[in-house]
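Notes follow the structure.
The values are calculated or read from the model by the stated rules, or taken from the named source; none is laboratory data. Nothing here was measured: the structure is a model prediction, and the numbers come from that model. Backbone-built Cβ (ideal geometry, glycine too); neighbour counts: all protein chains shown. In case anyone asks, the SASA skips ligands and DNA or RNA and just uses the protein heavy atoms, side chains included. Shrake-Rupley method; radii C 1.70, N 1.55, O 1.52, S 1.80 Å.
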Amino acid sequence: MSQRMQQGQPMIIMGEDAQRVKDKDAQEYNIQAARAVSEAVRSTLGPKGMDKMLVDSMGDVTITNDGVTILQEMDIDNPTAEMIVEVAETQEDEAGDGTTTAVAIAGELLKNAEDLLEQDIHPTAIIKGFHLASQEARSAVNEVAESVEPSDSEVLQKVAETSMTGKSSELNKELLARLVVDTVEAVTVEADDGSYVVDLANVNIETQTGRSTSESELLEGAVIDKDPVQDDMPTAFDAADVLLLDEPIEIEETDVDTQVNVESPDQLQQFLDQEEKQLREKVQKIVDSGADVVFCQKGIDDMAQHYLAKEGILAVRRTKKSDLAFLRDVVGAGVVSDLDTVTAADLGTASIGRDDDDELFYVEGLDDESHGVTLLLRGSTDHVVDEIERGVQDALDVVSTTVSDGRVVSGGGAIEVEVARRLRSYAGSVGGREQLAVEAFADALELVPRVLAENAGLDSIDTLVEIREAHEDDETHAGLNVFTSKVENTFDAGVVEPAHAKEQALSSATEAANLVLKIDDIIAADELSTSGDGDEGGAPGGGGMGGMGGMGGMGGAM
Ligand code: ADP
Ligand code: MG
C-alpha cells in the first residue's frame, strides 16, 4: 500500500494495484481511450454506415445504427471514454441527431492533437487553438446556413428524411418523414415576437405491432391501448362526457388491525351488503356527475363494473399515468382523485371511437382548448416498431429544432468542408502555435466527408479533393451524395440538416477533446492497461483500452 501527500491536498491512499500516470503518458493513455470509442462508432456514420450488432452481458441482442445507442450499450467503464460517451448524450439531448458526428470529430481532434503534442506543442496552446477554432467554426456555420420557415414543408421533409436515412425507419422514410413534419406543424405556435415554438409535449407516440409500417398515421387526440372492463359496455360516442379518475372503484380496505369476525350467515350477508352499498355509491357518484366514459388509473371492482355497464357507462381501468396526463389536455378535464367531490365541471368532452381489431380507443377532444396529437406507429414486429419509434423520435426532435431555430445546412460533408476552408484562412490571423491547432481543427472536420466516402466504398482522398475543389469554386453546397456516389449540390439533392445540430456537434466535440487534453495526471485505484503502442489508435479490443469491458461483446458489422 502506497501513500502520497500532495501539496495542500488530502492524502490519497491507493491499493496495491494502484498506478499513477503523468504528463505525456497520461495524455497518451487518455487519447487512446477516447479515440477507441470514436473509432468504434465511425463505421456507422452516414446512410451507408454499417449496423452494429451489440450483445450485452445478459445475451440480449440489439442491432442498430444509432451512435448513442451503441455507446450506451457498450458498457464502458473507462473515465476518459465515458467523457466521450457524454458528448453523444449531450448531443442527443440538445439536437436529437448528430451523435456519431460529434463523437467522431472529438476522436479526430484528439488524434490531431496527439501529432501536435509530439511536436512538443504545449497542451495549453492546443486547447486555446481548438477553442478559437470552435467559435470561428460556429460562426461560419451560421454564415452559410439557409433560413427555413415552418411553412417550408418541402425543406422540412428533407430534414426529416436525412435524419432517418440509414436507419430501419428508412424503408418507409417518405411516409414517416411526412408524418413527422405534419406532427410538428400541428404543435407549432407563433410566439408574440414572431419566433416559433414547438411543443412536443402535445405529441403522444403510440406503437402497435402487427400491421405494416405504411399504415402508420397521425391522429387528432389520444389513442388508448386498452379494453373496456366489460364487453357489454358501449365503445363509441359522438360526444361523451369524460371522467379521468385517479382513485380505485373498489371497496376501501378496512383498517389492517380491525378483524371482521363473522359469526353467523346473517352477519356475513350484512357485511356483503355493506360492501355492495359502498360500490353502488361510488358508481352513483359517477352517474350523477353525468360521465359517459371513465378512464381510471387504478382498478375497478367486478361488481362496480357490472353497475357501470348497466348504466351504459364505458369504463377503462389501469389507464397508464402518462396516458391520463395526455388525456387531460385532449379532453380538457381535470384528473379527479376523490369521487366524493366529483361534479360535472370536472369532466371533459370527446368523441370516442373503437378499433376492435387493434383493441384501441380513439379519443378526440371536442373542446376549443383541446390540444394533443398522437402518432400511431405500426410495424410487423416489436423490433421493427422499436427502431421506427427511435428514428421517428429523433426526426421529431430534429424537425422541431429546425423549426424553432429556423436554419439549415447542406450535408454529405458540404458544411464541414466549407467550414474547414474558412477556418484555414482564419488560422493565419491567429498566428503562433495556436494557428497549428486551428489548422488541425479544420483537418479534423474533414473527417466527415472522408468517412462518409469510406463507408460508401468510395476513395476517401479523391472524394475529399473533389469536394474541396468545388468549394474553391464557391460551390458552398458541394458534398458527397452517397446515393449517386457523386459530388454535387447536396442541398438540392435533399441532404439537409439543422444548423443547430452542427453547431452543437462542434461545441460538444471541442469541449470533450479539451477536457481530455487538460488531464495530465491520472491516479487510478486499479491497474491501468497501458500498452500505449498506438496501434491504429486503439481500435476495439486494441491497445490502451483498460476497462472497456463491453467492447468484446460487439459482434462486428452486419
Ligand atoms: P449522426 O449520428 O452523426 O447523425 P448519421 O449516421 O446519421 O450520424 O450520419 C449523418 C451524416 O450522414 C451527416 O453528415 C449527413 O450529412 C450524412 N448524410 C445523410 N444522407 C446523406 C447522403 N444521401 N449522402 C451523403 N451523406 C449523407
Ligand atoms: Mg443522424
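Odds and ends about this structure:
- Normalised by residue count, region 232-316 yields a Cα convex hull volume of 95 Å³ per residue.
- Modelled label positions at Glu276 and Ser425, each set 7 Å beyond Cα in the direction of Cβ, lie 9.0 nm from each other.
- Extension reserve of the Ala344-Thr209 stretch, reckoned as 0.36 nm per residue once the Cα distance is removed: 44.9 nm
- Placing pseudo-labels 7 Å out from each Cα toward the beta carbon at Val287 and Lys24 gives an inter-label distance of 8.9 nm.
- Within region 268-286, backbone nitrogen closer than 16 Å to the virtual label 7 Å beyond the Cα of Val262 toward Cβ: 268-278
- Förster radius 30 Å - calculated FRET efficiency between Ala325 and Glu82 (Cβ-Cβ, nearest 0.05): 0.35
- In terms of distances greater than 23 angstrom between alpha carbons, the cross-link table entries Lys24/Lys502; Lys277/Lys298; Lys48/Lys173 yield Lys24/Lys502.
- All C-alpha to C-alpha distances of region 193-336, sorted into 5 Å bins beginning at zero, yield P(r) values of 2, 8, 15, 17, 16, 12, 10, 7, 5, 3, 2, 1, 1, 0, 0, 0 percent in whole numbers.
- With q set to 0.10, 0.15, 0.17, 0.20 Å⁻¹, the log10 of I(q)/I(0) for region 140-273, from the Debye formula over equal scatterers at the Cα positions, is -0.63, -1.00, -1.15, -1.31.
- Placing a label point 7 Å from the Cα of Phe483 along the Cα-to-Cβ direction, the residues of region 384-418 whose backbone N falls under 14 Å of that point are 411-412.
- Over region 422-495: Kirkwood hydrodynamic radius from C-alpha pairwise inverse distances, Å: 13.2 Å
- Length gained on full extension, Asp246 to Lys298, computed as 0.36 nm times the residue gap minus the Cα-Cα distance: 18.1 nm.
- Here region 348-457 is treated as a sphere whose radius is the Kirkwood value from Cα pairs; by Stokes-Einstein at 25 °C and 0.890 mPa s it diffuses with a coefficient of 128 µm²/s.
- Model label zone, Ala239; criterion: amide N under 13 Å from point 7 Å along Cα-to-beta-carbon; scope region 354-378: 366-368
- Difference of contour (0.36 nm per residue) and Cα-Cα distance, Asp225 to Val189: 10.1 nm
- For region 110-199, the Cα gyration tensor yields ellipsoid semi-axes of 39, 20, 10 Å (square root of five times each eigenvalue, largest first, whole Å).
- Accessible surface for His306 stands near 90 Å², nearest 10, in the context of the full protein assembly shown (1.4 Å probe).
- Counting all C-alpha pairs of region 286-379, share separated by more than 18 Å (%): 49 percent
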